[in-house]
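The values are calculated or read from the model by the stated rules, or taken from the named source; none is laboratory data. Small disclaimer: the values here were computed from a predicted structure and weren't measured. Cβ placement follows ideal geometry from the backbone for every residue including glycine, while neighbour counts extend to all protein chains displayed. For the accessible areas, the whole protein counts, side chains as well, though only heavy atoms, and no ligand, DNA or RNA atoms are used. Shrake-Rupley method; radii C 1.70, N 1.55, O 1.52, S 1.80 Å.
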Amino acid sequence: MNWSTKTWYEIASIYQSITKMPFIEELIQGTLPVEKFQFYIAQDSGYLEHFGRALALTAARAHDTQDTLAFIRFAEGAIVVENALHQFYMDDYSIPDKETIEPACHHYIHYLKSTVALEQVEVAMAVLLPCFWIYKEVGDYIYKNQQSVNNPYQKWIDTYSGEEFGKLVEQAIAICDRVAAQCTPVQQQAMTDAFITSSRLEWMFWDGAYQLKKW
């Protein structure tokens, strides 16, 4: 069994709890209150800036040239594709370009950047993976279960359930599996631990948006 399969099994309960969150259930129904989605988009926009930097730093630290190029593309995709999605909703809902980074987002981005900067590069790759993989799985889950034909959040759903995003996720998983295969069991466990923590922070991010948690 490869690293990604074993590690996804480790976070299965976290993923299931994410799909049952009020934020996700109401996003599916198109009934999520606008102020909660606005809060989420503002925080996600702030997160994206730091996530892109973490991807770029991982690209610089990668041992394989192809991995460097892949993580540069991931950073570009995060900044260009997802930023376009954010800008659409920020314009539509008149959300300011710069908002205060609130607790859940602050915790997540600083965990990512500290891990990427200080841990071995294989752990850096693993800590960034949940943002790709969980979003893809959640996007697919919402797409399959959506109940509204005029969902105001359809563009968000289409982005994360789309084929283009799916290819990026598959590539990121494949890279982590390949580098994990070259690691010791201790190193592989460090990768798994980082992946689990990021997955927990994904849950916290959505919960923070739904609860409108501020400093």
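Of note:
- Across Lys6/Lys167; Lys36/Lys136; Lys6/Lys214, pairs whose alpha-carbon gap is larger than 27 Å: Lys6/Lys214
- Against the chain, whose longest principal axis comes from its Cα atoms, helix 103-118 is set at around 20 degrees.
- Shown in residue order for segment 61-78 are the 3J(HN,Hα) couplings computed by the Karplus curve 6.51 cos²θ - 1.76 cosθ + 1.60 at θ = phi - 60°: 8, 4, 7, 9, 4, 5, 5, 4, 5, 5, 6, 5, 5, 4, 5, 5, x, 4 Hz (x for Gly and Pro).
- 3J(HN,Hα) along segment 127-142, derived from phi through the Karplus expression 6.51 cos²θ - 1.76 cosθ + 1.60 where θ = phi - 60°, amounts to 5, 8, 5, x, 4, 6, 5, 5, 4, 5, 5, 5, x, 5, 4, 5 Hz, with x in place of Gly and Pro.
- For the chain, the longest site-free run once trypsin sites (Lys or Arg not before Pro) in DSSP loop states with at most 13 other Cβ atoms within 10 Å are removed: 99-213
- Within-9-Å neighbourhood charge of Gln43 [Cβ basis; K, R +1; D, E -1]: -3
- Karplus-derived HN-Hα couplings along segment 206-213 (A = 6.51, B = -1.76, C = 1.60, θ = phi - 60°), whole Hz, x at Gly and Pro: 5, 5, x, 5, 5, 8, 6, 6
- Take segment 165-215 with all the other protein chains still there, run a 1.4 Å probe, and you get 50 Å² of accessible area per residue.
- Whole-number Å³ per residue for the convex hull built on Cα positions in segment 146-215: 132
- Within segment 1-134: Cβ-based charge dipole about Cα centre, in debye rounded to nearest 20 (Lys, Arg +1; Asp, Glu -1): 340
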